[in-house]
Each structure stands twice: as structure tokens, then as C-alpha cells.
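What follows is one structure encoded as C-alpha cells, with my remarks underneath.
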Amino acid sequence: MTDSTNGGGLQLGASVPDFELATYDPTKNDFGTVSLDQNKKAGKWTILFFYPADFTFV
Amino acid sequence: MGAELITVSTDTQFVHLAWKQHEKSLENVEYLMGADPNGKVSRLFGVYVEGAGLALRGTFIINPEGTLLSSEVSFFNVGRNIDEVMRKFKANLYVARKTAEACPAQWKDEGDKTLTPGPNLVGKVHEALTK
């Protein structure tokens with residue numbers, strides 16, 4: 001699996017470094033960004049749900 | 001619930017928009033759709049497949065302090081059960097509040113039996129779960 005996942009990922013219990021994503025927000029029908037820091041400041045939990053590609057199943 | 005669900009793929013936000021507008025099963029979607037076209041965030045979580053340029057099916061739960069508390073990854077061809085994702089999330093919320101307790105496999109929601117690890121539980125898990 002040498003061509004598989006890269007970067008090892010994070011261990012449970014580890015502090016996640018800040019990250020930012022460009023987003024599409026269906027409730028506003030608008031583009032924007034979201035970051036972990038933003039959610040932390042708002043006192044929110046963050047659930048990330050990765051999937052391979054749009055137009056396929058999730 | 002004080003949580004932000006973000007779906008992430010290596011598609012752009014523009015493709016997310018097109019997909020959302022075309023796919024009938026996404027009609028009621030209200031969560032943010034994150035774009036990770038360069039794979040940076042997917043790599044951070046170890047789900048990026050270099051050869052394919054795609055992210056594996058990974059689910060990660062991070063608390064408001066920024067600590068990673070749950071991670072589950074499955075390969076491209078096996079989908080996830082959203083009820084199980086929500087169960088894990090609720091369990092994490094619960095034990096964040098009740099720090100002495102633990103949620104066993106059968107725990108589904110508030111009010112279900114929990115375990116309190118300690119000397120009295122050693123060798124007595126069955127009794128604790130069935131009494």
C-alpha cells in the first residue's frame with residue numbers, strides 16, 4: 001500500500017492543527033470558507049466527512 | 001447541537017454546487033460542502049490517496065478544544081452508516097459531560113446504560129451491562 005494514504009494522519013487525542021476549506025453552503029446557496037479555528041472560537045464541535053468524489057455515493 | 005458537519009472531497013466548491021443541484025437525494029442537504037482540490041486537508045487526516053487524487057471515506061470528530069476524538073476510515077467501495085456516525089458523536093458529547101463514564105458498544109442515546117471504569121468493574125462488565 002505504498003501508494004495509499006499519505007502523511008500518516010493524526011492520532012486520537014492529538015490537537016488538530018488549524019485548517020481551512022473553501023465551501024459551498026447549500027442553505028445560503030453561496031460560497032465561503034470554514035476553518036477549525038473559527039469553529040473552536042464559536043465553541044462548536046467539528047465533524048469532517050471525507051468521500052472520494054461528487055456524483056458518486058457517499 | 002453546537003456542531004458543524006462538513007463534507008469534504010477533492011472536488012471544488014463549484015462542482016459541489018452542481019452536484020447539489022442535480023442529485024435528487026441531496027435535496028435536503030444543509031451541511032457545508034468543503035472543497036479540498038489540492039488534498040491538503042485530506043493529507044492532514046491521512047485519507048488522501050496520492051495515485052488517485054481522491055480521499056478515502058474518513059469520518060473525524062473534533063471537540064471544541066480542537067482535540068481529535070474519533071476517527072473511522074473505510075475504503076472507496078464501502079459506504080458508511082450515518083446513524084453510527086451520529087451515535088459516536090452523541091457518545092462523545094455524553095462522555096465530555098460525564099467524564100467518569102464510558103459508552104459501551106450498545107449505547108445509542110442518553111439514558112442508555114453506561115459503564116464507570118474502576119476496580120468494581122474489573123471482570124464484571126457483563127453484570128454491569130445486564131443488571
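The values are calculated or read from the model by the stated rules, or taken from the named source; none is laboratory data. Just so we're clear, the structure is a prediction, and the values are computed from it rather than from any experiment. Glycine also receives a Cβ, built like all others from the backbone with ideal geometry; neighbour counts cover every protein chain displayed. Quick note on the areas: whole protein, heavy atoms, side chains included, nothing else; ligands and nucleic acids left out. Shrake-Rupley method; radii C 1.70, N 1.55, O 1.52, S 1.80 Å.
Among the criteria (1) open to solvent by less than 60 Å² (accessible area, probe 1.4 Å); (2) in a loop (DSSP other than H, G, I, E, B); (3) farther than 19 Å from A:ASP54 by Cα, the one B:GLY79 does not fulfil is (3).
Restricting B:SER42, B:SER70 to those that are in contact with a helix residue (DSSP H, G or I) (Cβ under 7 Å, 6 or more places away or on another chain), open to solvent by less than 70 Å² (accessible area, probe 1.4 Å), small (Gly, Ala, Ser) and outside any loop (DSSP other than H, G, I, E, B) reduces the list to B:SER70. The residues of the stretch A:1-16 include none that are at pLDDT 95 or above and more than 7 Å from chain B (Cβ to nearest Cβ).
Scanning the stretch B:1-37 for residues that are more than 7 Å from chain A (Cβ to nearest Cβ), assigned to a helix (DSSP H, G or I) and not hydrophobic (A, V, I, L, M, F, W, C) yields B:GLN21, B:HIS22, B:LYS24, B:SER25. Inspection of the stretch B:34-45 finds a residue satisfying the criterion of being touching a strand residue (DSSP E or B) at 6+ places or on another chain (Cβ under 7 Å), farther than 17 Å from A:ASP54 by Cβ and modelled with pLDDT of 95 or more.
Could you grab me the full set of residues in the stretch B:45-67 that are in a loop (DSSP other than H, G, I, E, B) and touching a residue at least 40 places away in the same chain (Cβ under 8 Å)? The answer is B:GLY53, B:PRO64.
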